[in-house]
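Here the structure is laid out as structure tokens; the discussion comes afterwards.
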Amino acid sequence: MYKAQVIKRNNDLVQFEESLAEHQKALMSDGLTIMERALIEHNMVAIGQLYSTIYITALGQLLGVSSDRAEKIASKMILDGSLIGSIDQVDGILTFGELDRSELVAWDEAITSFCTQLNGVTDAVRQMA
């Protein structure tokens with residue numbers, strides 16, 4: 001995350017987008033480019049560090065998208081585990097959760113262990129070939 005700040009669209013960002021290759025500008029299934037999606041997801045996490053709860057309509061305004069799209073992106077990020085929180089659809093509120101550092105450390109250790117084991121298997125296969 002870039003300094004835990006919400007990134008606004010400005011001339012620098014537009015110039016950066018214009019410098020991307022055509023395949024990097026391709027639209028994804030949700031109608032956003034990779035750059036737009038990354039920017040919205042980054043800003044969602046940054047907003048989560050500024051607010052403990054926020055109305056979905058206000059979230060959409062901050063992200064520069066409709067409230068429906070903001071809710072869909074937030075729900076996808078929650079399901080993916082890239083955002084800790086819950087959505088109250090009745091009241092239209094997103095509540096951001098606290099990130100448990102011990103869970104992150106355990107997750108990181110599990111990934112490191114898996115990669116180490118995978119490297120061992122790969123080395124063993126290379127030696128056999």
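Applying the Karplus relation 6.51 cos²θ - 1.76 cosθ + 1.60 with θ = phi - 60° to segment 34-51 yields 3J(HN,Hα) values of 4, 5, 4, 5, 5, 5, 5, 5, 4, 5, 4, 5, 5, 5, x, 7, 8, 10 Hz, where x marks Gly and Pro.
Sorting 54-60, 113-119 by their mean Cβ neighbour count within 10 Å, with the most densely packed peptide first, gives 54-60, 113-119.
For segment 77-129, GluC sites (Glu not before Pro) meeting the loop criterion (DSSP other than H, G, I, E, B) and having at most 14 other Cβ atoms within 10 Å: GLU98.
Quarter the surface of the alpha carbon convex hull of the chain and you get the mean projected area, 11.3 square nanometres.
A helix-only calculation puts the chain at -19000 deg cm²/dmol for mean residue ellipticity at 222 nm, using -39500 (n - 2.57) for each DSSP H run of at least four residues, averaged over all residues.
The HN-Hα couplings worked out from phi for segment 66-76 by the Karplus form 6.51 cos²θ - 1.76 cosθ + 1.60 (θ = phi - 60°) are 5, 5, 4, 5, 4, 5, 5, 5, 4, 5, 5 Hz, whole numbers, x standing for Gly and Pro. Database remark: amide H of ILE93 closer than 5 angstrom to the amide H of ILE56, ASP88 (H placed geometrically; neighbours at sequence offset of 5 or more, or on other chains; Pro and chain starts carry no H).
If the segment from THR95 to THR57 were pulled out straight at 0.36 nm per residue, it would be longer than the present Cα-Cα gap by 12.4 nm.
Once you order the gyration tensor axes a ≥ b ≥ c over the Cα atoms, which shape class does segment 36-79 get: rounded for a/c under 1.5, otherwise prolate or oblate by comparing a/b with b/c? Here segment 36-79 falls in the rounded category. Looking at the chain, the accessible area is 71 square angstrom per residue; that uses a 1.4 Å probe and ignores ligands, DNA and RNA. Solvent-accessible area of the chain (1.4 angstrom probe, protein heavy atoms only): carbon and sulfur portion equals 56 percent. In terms of packing, defined here as the mean over residues of other Cβ atoms within 10 angstrom, the peptides 46-53, 67-74, 22-29 line up highest first as 67-74, 46-53, 22-29. Would you tally the net charge around ILE34, using a Cβ to Cβ cut-off of less than 14 Å, leaving ILE34 out, and scoring K and R as +1, D and E as -1? Residues close to ILE34 contribute a combined charge of -3. For GLY85, the residues whose amide H sits under 5 Å from its own are GLY97, ignoring neighbours fewer than 5 places away on the same chain, with H placed 1.01 Å from N. A straight chain from GLU22 to ASP68 at 0.36 nm per residue would run longer than the Cα-Cα distance by 13.7 nm.
The values are calculated or read from the model by the stated rules, or taken from the named source; none is laboratory data. Worth saying up front: this structure is predicted, and the values here are computed from it rather than measured. When we count neighbours, we look across all protein chains shown, and the Cβ atoms used for this are built from the backbone with ideal geometry, even at glycine. In case anyone asks, the SASA skips ligands and DNA or RNA and just uses the protein heavy atoms, side chains included. Shrake-Rupley method; radii C 1.70, N 1.55, O 1.52, S 1.80 Å.
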